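Scroll down for the structure; my scribbles are underneath it.
The values are calculated or read from the model by the stated rules, or taken from the named source; none is laboratory data. On a predicted model such as this, the values are computed, not experimentally measured, just so you know. Every residue, glycine among them, receives a Cβ derived from its backbone with ideal geometry; neighbour counts consider all protein chains shown. In case anyone asks, the SASA skips ligands and DNA or RNA and just uses the protein heavy atoms, side chains included. Shrake-Rupley method; radii C 1.70, N 1.55, O 1.52, S 1.80 Å.
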Amino acid sequence: MKKNITKLLLGTITELEIIELRNWLKDPANQVVLESYIRDYHDLNLATLENNLDEAYDKVANQIGFNEKPVKKLFPKWLKIAAAIVCLFGLGLVYQQFMVTEQEHCSLRPHDEPITLELDNGTVQTIDVNAQIEVRDSEGNIVGTQKQNQISYSQEAEKEELVFNTLKIPNGKKFQLQLSDGTLVHLNAGSSLRYPVNFLKEGPRQVFLSGEAYFDVAKNGSNPFIVNIDELDVKVLGTEFNVSAYQEDKKIDVVLVEGAVSLENNNEVEEDIVSLSPGQKGSCNRGSKGITVKEVNTDLYTSWMQGHLVFRNLTFDQILTKLERHYNIEIENTNIVLGQEIFNASFNEVSIEEVLSYFNDIHAIDYSILNNQVIIK
């Protein structure tokens, strides 16, 4: 049921799951579980909300266009708490499910760039995500297949040297890649992965990432899997984890979902290698030597694979950068002070027009569209 609580806060919960959650929360003991879970995993101290639930609900109700306040027996305390959390987080859940205001007409046209595959000889191929074709190397040999939004490589026996391909995903798109060892990689918008067409029988399985990807690594006790990101190496034997390492971001984040990984800064001695356990995030600031570790809710860092946008304690400028990647649009923020303000928000597969309108309606952020570019005033 904790997954449904997280979905409630992310705005991804279904009608059936809401009914299940409501029935589960009829037990007072489960309401305590709800409060504890939100406090531990969403960094909220509900004690500070106890005296402000009515006020928080009223604020949310006004924002989402409720004309009348439901009677108490139809709106129990747990739902008031959720409303208060929505109020504090500014979650897209409320906007998506209840907002019935008139949208400002936008004429944005997201750029449409192709996914490309660069072979070892420098030849660049365009990937048609509607196609089902054979994938060939630079010599014309079949090395795998492409079915819509995934390329799968086959394992060839006794390779003597590594041959690398590079898959580049433009802003606004995602793609999947199954490596020759069976490892599945989900690549996010604005990312690229350099990888061997086939791994060698002996030695580490090494790939090179720029951007963000989720790895489901095939187990191989003899050959560790290494993701190289500039000054950081992520080493595993078989596990699931998310790596966010965009060049424009100040830090690299590794979130472990299952298994175990070790993080090694190329500038540090071996004794300083950091190990992660499931549910932990390791962060490395670019240009520095330290790696910090903290407990996190992994769902917040992997929801992008389902098309969700989740922003937690980010400056407005950081959010705009993520929006540019996700939708492949251009945004210019002329409000320097606003750019440094901290926001929390969540959106579930909505258009960029709805996201912009949300910030405009809920946070009074004014914007205009000129020559297919968003201008924040």
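Would you grab the residues whose amide H sits under 5 Å from the one on residue 198? Only those 5+ places off in sequence or on another chain, please, with H modelled 1.01 Å from N.
Residues meeting the amide H criterion: 163.
Each residue of segment 338-348 in turn: what ³J(HN,Hα) in whole Hz from Karplus with 6.51, -1.76, 1.60 and θ = phi - 60°, glycine and Pro shown as x?
So the Karplus estimates, Gly and Pro as x, are 4, x, 9, 6, 8, 10, 10, 7, 8, 9, 10 Hz.
What residues have an amide H closer than 5 Å to that of residue 206, excluding those fewer than 5 places away on the same chain, when H is modeled at 1.01 Å from N in the peptide plane?
226
Between residue 133 and residue 315, take the C-beta separation as r, use R0 = 41 Å, and let me know the FRET efficiency to the nearest 0.05.
For residue 133 and residue 315, the calculated efficiency is 0.45.
Please report the net charge: other residues with Cβ closer than 12 Å to the Cβ of residue 257, K and R +1, D and E -1.
Local charge sum for residue 257: -3.
Return the carbon/sulfur percentage of the accessible area of segment 309-369, one whole number, probe 1.4 Å, all protein chains in place.
Using a 1.4 Å probe with all protein chains present, segment 309-369 comes out at 44 percent carbon and sulfur.
Could you work out how much longer the chain between residue 148 and residue 20 gets when fully extended? Use 0.36 nm per residue separation minus the Cα distance between them, nm to one decimal.
Taking residue 148 through residue 20 to full extension adds about 42.5 nm, to one decimal.
Taking each pair of different alpha-carbon atoms in segment 221-377 once, compute 1/r for the pair, average those values, and report the inverse of that mean as the Kirkwood hydrodynamic radius in Å to one decimal.
Result for segment 221-377 stands at 17.4 Å.
Considering only protein heavy atoms, with the full assembly of protein chains and a 1.4 angstrom probe, order 314, 193 by accessible area, largest first.
Final ranking, largest accessible area leading: 314, 193.
Please go through the residue pairs 168/201; 173/235; 174/294; 219/251; 250/294; 147/219 and name each one whose alpha carbons sit more than 20 Å apart in this structure.
The pairs that break the limit, which is 20 Å between Cα atoms, are 168/201; 173/235; 174/294; 219/251; 147/219.
Using 1/(1 + (r/R0)^6) with R0 = 35 angstrom and r between the beta carbons of residue 160 and residue 273, what's the FRET efficiency to the nearest 0.05?
0.70
Assuming 0.36 nm per residue, please report the length gained on full extension of the stretch residue 335 to residue 305 beyond their Cα-Cα distance.
7.7 nm
Starting from one equal scatterer on each C-alpha and no solvent at all, send me the Debye-based log10 I(q)/I(0) for segment 270-311 at q = 0.21 Å⁻¹, two decimals.
After summing over all Cα pairs, the log10 values are -0.79.
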